[in-house]
Amino acid sequence: MKNGTLFILSAPSGGGKSSLLKAAREKMPHLAAAVSHTSRLPRPGELDGQHYYFVDEVDFMRMVENDEFIEYARVFDHAYGTSKKALSELVNAGFDAVLDIDWQGARQIRQYEANCVTIFILPPSLSILEERLRARGQDSEEVIAGRMQQAVAEMSHYNEFDHVLINDDFEGSLQSLMGLFSASDSVKEPTIEQIEQIISS
C-alpha cells in the first residue's frame, strides 16, 4: 500500500481553513484530518476526539516531555500539538493526512518531514477578516483586537509555504484547495502584489 501525502493547512483565525477543510473532506474520502491535542476548553459544539483531544495543561506538558508531538505551540495562552502516533497511523494507512495548524507548527514539521505540502489561506482583506471574527459572536472586543494583531503577524509568514490561496469566494476557494490536494497544475495562485496588498490593507 502506498503511503499517503502529508498536507499542512494554515491561516489566521477567521481565515476559513476549518470550513474549507471540512467541505473538502466531504468530497474527497481519501483525506483525513489529524486530530490535534489542546489544553484549552472545548467551544460550544466541539467534541473530544473529533475536533481536538482536550487535555489539561499537566497532561499536555507530560506529552511534550515524552516527545510525543511532531509539533506543538502556544497560541492565545493555550497549547496545541500534533501527536506523532496519530499522524503516522493515518499516513501509513494510505490516507492523505491534513494538519490544520499555525505557521509555527508548519515550520517544525518541515524540519521533521521535508516531503510535506504546505498551504496558507488568506482572507480577502483585514476588514473582512475582522467581520468574520465578529460574526462568530464568541469573543470580546479585547479578544478580537488581539486576534487581529496576531493575524497580521501570522500572515507575514505566507512566503514560508508552498502554496497560497485567497479565500474570497468559498466555492472557488474550495475547488482550488481540492486541486492542490489532488496535485493539479491548473490551480491559479495569487501574485505577491495581491498578497502584500491584503496584508497591508
Within region 159-174, identify whether any single residue is over 26 Å from Ala34 (Cα atoms), buried (at least 17 other Cβ atoms within 10 Å of the Cβ) and not polar (S, T, N, Q), and answer yes or no.
no
Checked region 146-201 for anything touching a residue at least 24 places away in the same chain (Cβ under 8 Å) and either among the charged types (D, E, K, R) or assigned to a strand (DSSP E or B) (or both); matches are Arg147, Glu154, Glu160, Asp162, His163, Val164, Leu165, Ile166, Asp168, Glu189
The residue that is surrounded by the fewest Cβ atoms within 10 Å (Cβ to Cβ), considering only those in region 16-43 that are without any contact (Cβ under 8 Å) to a residue 24 or more places away in the chain and within 19 Å of Asp77 (Cα to Cα), is Leu41
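Scanning for something without any contact (Cβ under 8 Å) to a residue 60 or more places away in the chain and over 13 Å from the mean Cα position of the chain (by Cα), does region 92-107 turn up at least one residue? Step through it out loud before you land on a result.
Let us first name the residues in region 92-107 that are without any contact (Cβ under 8 Å) to a residue 60 or more places away in the chain, namely 104, 107.
So of that shortlist, the ones also over 13 Å from the mean Cα position of the chain (by Cα) come out as none.
Checking region 92-107: not a single residue is without any contact (Cβ under 8 Å) to a residue 60 or more places away in the chain and over 13 Å from the mean Cα position of the chain (by Cα).
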If you go through Arg134, Arg110, the only one that is assigned to a helix (DSSP H, G or I), under 30 Å from Thr5 (Cα atoms) and not hydrophobic (A, V, I, L, M, F, W, C) is Arg110
(1) more than 25 Å from Ile121 (Cα to Cα); (2) in contact (Cβ under 8 Å) with a residue 40 or more places away in the chain all hold for Met61 apart from (2)
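The numbers here are math on the coordinates, done by the rules we state, and not lab data. This is a predicted model, so every value here is computed, not measured. Positions of Cβ are generated from backbone atoms using ideal geometry, with glycine treated the same way; all protein chains shown enter the neighbour counts.
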